Amino acid sequence: MRSSARSLLLTLPALAVFSAFWLLPMARLCAVGASGPQGIAAYWLVLVDPRYMRSLLATVALSVAVTLAALVVSGFTGFFLQRQRFPGRTLLVALLSFPLAFPGVVVGFLVILLAGRQGLLAAVTEWLTGDRLVFAYGMGGLFMGYLYFSIPRTILTVMANVEKLDPSLEEAARTLGASPLQVMTDVILPALMPALIAAGAICFATSMGAFGTAFTLATQIDVLPITIYNEFTNYANFSIAAVLSLILGLVTWLALALARQLTGTQAAAAA
Amino acid sequence: MRALPALRFQLQLALALATAAFMIVPVVVSVLAGVTENYFVGWRSGLTLRWLSEVWAMYQSTVWLSLRIAMACVVVTALIGLPAAYVLCRHATRATRLLEELLVLPVAVPGLATALALILTYGRWQALRTSWLFILVGHVLFTLPFMTRACLAVLAAIDLDALEEAAATLGAGFGERFRTVVVPNAMPGIVAGALTVLTLSVGEFNLTWMLHTPLTQTLPVGLADSYASMRLEIASAYTLIFLLMLLPLLVGVQVVARRFVAGSR
């Protein structure tokens, strides 16, 4: 009894901060969602409004595409870097993990430097073909930015999990006549699957909810965080903004919870 | 027969190099643009520190505010996170697991949603709304799970039971045990957690953009402002200052990670 009273006392500060500044505000957000001219029906109306639905679907599609691309690139690269030893490997790993701490805004700026109007790609393509390739200020730029954001953390996750694999299993499969492709799909991939699912869920959730990159590239891209931001600040449409952010929060939370159910590992979205 | 594995190695190496180029080339371009007299002319226009000093004059306050918030964030998350981690470690019940789940929610839900909720609930309290503490609140919510997890990882790896029992046999009350046994033993976790919290707080934008006011601009908020309205050289020089701030934190994370791994072996 004394021990459980003490436990409560020790967790009280964290619990108090969480309740006062997250739980209570979230409850308020739910209430504001139902406070618009349509009342509680706003929750339903948003889902059938083609404008918001399109924004939601576009965001989901973009996030799925980023997740798949990040998993493929990081899967191969991470496996390679963990298994092979060659001069310059440590430097390569350092270069790939350095951008881990860049916030979305900075990533957006880097995308502009690469694919913007005065970007590197524009200069190179003009020199090669005479046409300037510019795609930073739309979905293409956003895809590039989220991929940039996702690659470092996914590579590190893959490397950490490849280290735990037992190479003798692959050896055994090869001895039994398995082709490299079969070794990959039947031995390596199943063993890495929990890590890939967890890392993929994080990529997906971060791409769904990220705001900084889209904000830097253009405030007119039709993705959900930008839609919410515009509804809130430009149109003062608080109830719609509240409903949309609750839907967004639910989607990212579900993705992470589902990944955890499937793999039994802790997953949380990155910054 | 030998040629195929060699080809496979080269293809994978090419992919790794291409990925590394994708990650690093824009950073190099940004750094160069920040110290080039005129980016559109190229480096033939000469190198300069002029943009860096202009950025410093214009945006210095954002650097100090970000550092202040990050430090305060470390102190608050350590003070409320370590006791929570201790309970999570000592009493793994359904209630404490639920607590762990709850504390992660502000990370699982996008910062934009949390920020809107905070504004709609506390936005009318002008004193709080216009204070840097409003941003601190958001950062604490967002970073607390990382501090708790780092402390928990360290506490779970030591035999806390035996240590505490020994201290209790020697007559130490709970307060004294916590101070002299738990805190020193959790120190590697607190340090690792602090570095993560510093890094996250200094770079946080999703919450901060909504929570800031013209008088409480943090570094990433200033960056977004410079990206939107300043010339490319200024924006790049500002980014360079931000990268220079991140660098010691990242090196610190590496050093601590290595020492912790070495220590536990």
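What follows is calculated from the coordinates using simple rules that are stated; it is not laboratory data. Quantities reported herein were computed from a predicted structural model and do not represent experimental measurements. Backbone-built Cβ (ideal geometry, glycine too); neighbour counts: all protein chains shown.
Taking a point 7 angstrom from the Cα of B:Ser229 along the C-beta vector, which residues in the range A:91-113 have backbone N less than 15 Å away? The answer is none, because no backbone nitrogen lies closer than 15 Å to the label point. Per residue of peptide A:220-227, the mean number of Cβ atoms on other chains within 10 Å of the residue Cβ is 1. Extending 7 Å from Cα along the Cβ direction at B:Thr213 and again at A:Leu57 yields two label points whose distance is 4.3 nm. A Cβ-based charge dipole, computed about the Cα centre of the range A:45-270 with Lys and Arg at +1 and Asp and Glu at -1, lands at about 240 debye. For A:Ile155, neighbours were defined as the other residues whose beta-carbon sits under 15 Å from its Cβ, and their charges (Lys and Arg +1, Asp and Glu -1) total +2. When chain A is treated as a GNM with alpha-carbon contacts under 10 Å, the residue of A:Gln220, A:Gln84, A:Gln38 showing the greatest mean-square fluctuation is A:Gln84. Loop-resident chymotrypsin sites (Phe, Trp or Tyr not before Pro) (DSSP state other than H, G, I, E or B) in the range B:2-90 with no more than 13 further Cβ atoms inside 10 Å of their Cβ: B:Phe40.
Once the Cβ-Cβ distance between A:Thr90 and A:Leu68 is put in as r, and R0 is 25 Å, what FRET efficiency do you end up with, to the nearest 0.05? Please list the in-between numbers first.
Numbers: r = 29 Å, r/R0 = 1.15.
Once the sixth-power term is evaluated, E becomes 0.30.
Under the simplified labelling scheme, the B:Arg44-A:Gln261 pair shows an inter-label distance of 6.3 nm, with each label point 7 Å from Cα along Cα→Cβ.
Taken along the Cα-to-beta-carbon direction at a fixed 7 Å, the label points for B:Thr180 and B:Phe9 span 5.9 nm. The charge dipole of chain B, taken about its Cα centre with unit charges on the Cβ of Lys, Arg, Asp and Glu (plus for the first two, minus for the last two), comes to roughly 380 debye.
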